1. By counting other Cβ atoms within 10 Å of each Cβ, how are 300, 283 ranked from fewest to most?
2. What nm value, rounded to one decimal, do you get for the distance between residue 94 and residue 255 when each label is placed 7 Å out toward the C-beta?
3. Say R0 is 41 Å: what FRET efficiency, to the nearest 0.05, do residue 216 and residue 195 get from their beta-carbon distance?
4. If each of residue 27 and residue 242 carries a label point 7 Å out from its Cα toward its Cβ, how far apart are those two points in nm?
5. In what sequence do 221, 278 fall when counting other Cβ within 10 Å, fewest first?
6. At a 10 angstrom cut-off on C-beta neighbours, averaged per residue, how do the peptides 74-81, 317-324, 269-276 rank from highest to lowest?
7. Going by C-beta contacts inside 10 Å, put 258, 314 in order with the fewest on the left.
């Protein structure tokens, strides 16, 4: 095993706490690394003890943090160059015709009246089956099957199911929706109007938040240079998966599985946290260490870099919802309602 691999493995296996610079700033960011687990996620990735609070002890800052994250690994860095909070949701525009709107309304009424998925499914099948009969009649050139209902009767029956009583106007609207594009547009030109698409938005979910932190690290001592080097190995050891062998004496598959990388909790120290972003547990998606921040590599005595830029990209494991912010917005807790 190469020395670099051995160093990475040792850093990955032991609990470690490092701080840069050697004498920490009054305000800093703390990244706590925990082994990935899916079971009991809320319990395992909960917030740290309140001793980290909005102020930090000055007599023994490293001892204070080390005690708070006992059993885990962490690194402390100055505030990054930028601290942004981006929130986004997924919205998609779509057209809602009168027919689809009425079908949705009919199914909603069915849901409210009976509240049974089986009943709703039956209603949906009944309505969509009736609409299919109409389209089949249109495609068949309005040919009436012997002994069967006329197309007009089919239209009337289907439209009554979705609360459109005027079969004539309903059928005209329906046909305008399903006519081929050129014919529909030509009809619109002659009629002097077109079908209103009634475009609206559909909410489809919340995007996972991502964060990018950048630091310019200038070592002021040999110890600072050593810390930067160790942090580089440490972050890589935590963000990358660990290869696991399987098998026994007869069959042995090397690196058959990859264990999930560590999960990162982000904590801002020395500030009032209610005025800053809140973070869900993250995974590191990218890490860059730039040894030429000024456009060229600058070296200190002994061949060590005189400056290193860190860039860390993280993505949260869970979405944010309104529940995460309602208490902060009102200045109360969820168990303590705001005064009216």
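No lab work stands behind these numbers, since they all come straight from the coordinates. As the structure is a prediction and not an experimental result, all values here were calculated from the model. Glycine also receives a Cβ, built like all others from the backbone with ideal geometry; neighbour counts cover every protein chain displayed.
1. 300, 283
2. About 4.5 nm separates the two model spin labels.
3. On the way: r = 59 Å, r/R0 = 1.44.
The calculated FRET efficiency here is 0.10.
4. Once both label points are built, they end up 3.7 nm from each other.
5. Numbers: 221 11, 278 15.
Going from sparsest to densest Cβ surroundings: 221, 278.
6. Values: 74-81: 18.6, 317-324: 12.5, 269-276: 14.0.
Final packing ranking: 74-81, 269-276, 317-324.
7. Going from sparsest to densest Cβ surroundings: 258, 314.
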